[in-house]
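What follows is calculated from the coordinates using simple rules that are stated; it is not laboratory data. The model shown is predicted, which means the values in this text are computed figures rather than measured ones. Cβ: placed from backbone, ideal geometry, glycine included. Neighbour counts: every protein chain shown.
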Amino acid sequence: MAAAGALTRRIAHNPRMKVQTRYVKTSDGVSIAYSVVGSGVPFVFSIPISHQVLLLESPVWRSWFEGLAERYQLVVYDARGNGLSQRDLPVSTEALALDLEAVVDHLDLKDFFIFAPIGYGHSAIHYAVAHPDRAAGLILWASFVDGAQANQRTILFDLAEQNWEFFLQTIAQQKGWLEPREVRAYVDVLRQSSTQKDYLAFMEWSIGSDVQSLLPELRAPVLVLHPREFDDLKVEEAMRLASMLPNARLVLLEGARLLPTGEMVGPMLAAIGEFIDDVTGQSSGARAPAVGGLRTVLFTDLVGHTEMMQRLGDAKGRDVLREHERITRETLKAHGGAEVKTMGDGFMASFGSVTSAMECAIALQRAFAAWNDGDGAKASSLHVRVGLNAGEPIEEDGDLFGSTVILASRIAAKAGAGEILVPDTVRGLLSGKNFLFSDRGEFVPKGFDDAVRLYEVRWRD
């Protein structure tokens, strides 16, 4: 229990695991919910019966998602009929491919990898064949060529038709998928992820789905992963799938779990990491973390991003976001800031000088104020909040971690539109530098024991 508690605290403190649900419209008008966490090679993930927020926060899935977010830019979305996306819709291979297309187009992803388990592999294959220049590779987990041959109409499917609540309890306990202590948490996710009607619609489609004719056309590299002891979908089906693909590798993992949980997580992450490394020619393996010298960490966050996208629409909204990115990057460069990563509607940057970091924060606010008075008056105003902290963060693979980074993120979240907030330590380091501060009082950041006194930087004077 102590180890589980430590892991819970580690995720709660990890800014890469911050879940912010956003929406995008498909070309056929369906609202799809998605979240982005982590940084690196884009890794797009969706599963049947999903609820992205509950999955990312569930103790059942925690080690899996944390392992992915530590290595990649993890994009998790709920397909139609699931989770936070639009419900009560017909399902088809083409429709599910539109969900994937909407998310990756909206995020403007290039050379991304798709993780698609069970029947979702068919929609991923359909997308990759239709867009051969977009996906760098596919990872198909416990997948099949066609549902009829794979005998997908199991006793559990019949049970879902007859007694939905009993089905939810039964599927979570089936054949060693989960430890007994994990069952209740998983059932809670299932219950909020799908209705009986939507689940049965997905299963009916899955049973009738067949991608055999598409397989020879799939040029992207494919990793076919399969649990060796999973009885409902035999190893022979995975072998058949891999043999029909022009560019595939087959990896059989020991175990019977259909879900990437428990002892299955480590081998799955290792196999995926090796595959992605081979395709990209890079190494995503973890290196020993290094502790750097004193740095100032700056976080920005675009206020009202979701509302702006809904108001302007995807195309115009993305144009305004590009201006936000341009202004931020030009200002960082002018003040010697190193962009660590972008979170879509915000940035994390590092400075060797606390004075340069503060001057950059002020320059950012003034640049956005000028935009709002000029081009922004015609397009859309841009308001950002900024938080800074100084310390000795841990550096690993070009990213920064540790309490210094976490506190900077917490401080930025406390700021309002157009505000810059710093802790007392940063104010002390800037003593005598002619910056003006207003006391904003104390707060206890989530995950910290002690209160932190905040100061607002008066940049408009």
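Summary table below
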item	result
Order by protection proxy (mean Cβ within 10 Å, highest first), peptides 303-311, 125-133	125-133, 303-311
Estimated vicinal HN-Hα couplings, Hz - region 235-252 in sequence order (Karplus 6.51, -1.76, 1.60; Gly, Pro = x)	4, 4, 5, 5, 5, 4, 4, 4, 5, 8, 9, x, 9, 9, 10, 10, 10, 9
Anisotropy class of region 2-280 from Cα gyration tensor, a/c 1.5 cut	rounded
Per-pair calculated FRET efficiency, R0 = 45 Å: R326 and R184 via Cβ, rounded to 0.05	0.40
Inter-centroid distance (Cα atoms) of region 221-267 relative to region 385-456, Å	46 Å
Packing-based order for 393-402, 359-368, using average beta carbon neighbours within 10 Å, highest first	359-368, 393-402
Förster radius 56 Å - calculated FRET efficiency between S431 and D314, Cβ distance, rounded to 0.05	0.75
Dipole magnitude of region 326-449, debye to nearest 20 (Cβ charges: Lys/Arg +1, Asp/Glu -1, about Cα centre)	400 debye
For region 184-214 and region 322-363, distance of Cα centres in Å	44 Å
FRET E, pair W164, A130, Förster distance 41 Å, beta-carbon r, rounded to 0.05	0.75
For the chain, with +1 on Lys and Arg beta carbons and -1 on Asp and Glu, the positive-most of V320, L190, V224 along the dipole	V320
Relative contact order [Cα under 8 Å, 6+ residues apart], region 333-461, whole percent	19 percent
The chain - percent relative contact order, Cα under 8 Å, separation 6 or more	12 percent
Length released on extending from T306 to L294, taking residue separation times 0.36 nm less the Cα-Cα span	0.8 nm
Listed pairs K197/K234; K197/K414; K316/K414; K197/K316; K197/K341 exceeding 32 Å between Cα atoms	K197/K414; K197/K316; K197/K341
Sorted peptide list for 384-391, 450-457, criterion being average Cβ within 10 angstrom, highest first	384-391, 450-457
Charge dipole (debye, nearest 20) of region 2-280; +1 at Cβ of Lys and Arg, -1 at Cβ of Asp and Glu	740 debye
Positive-end residue, the chain charge dipole about Cα centroid, Cβ charges, pick of A69, T261, A367	A367
Most positive-pole-ward Cα, Q310, A451, A338, against dipole of the chain from beta carbon charges	A451
Antiparallel DSSP beta bridges within the chain, percent to nearest 5	60 percent
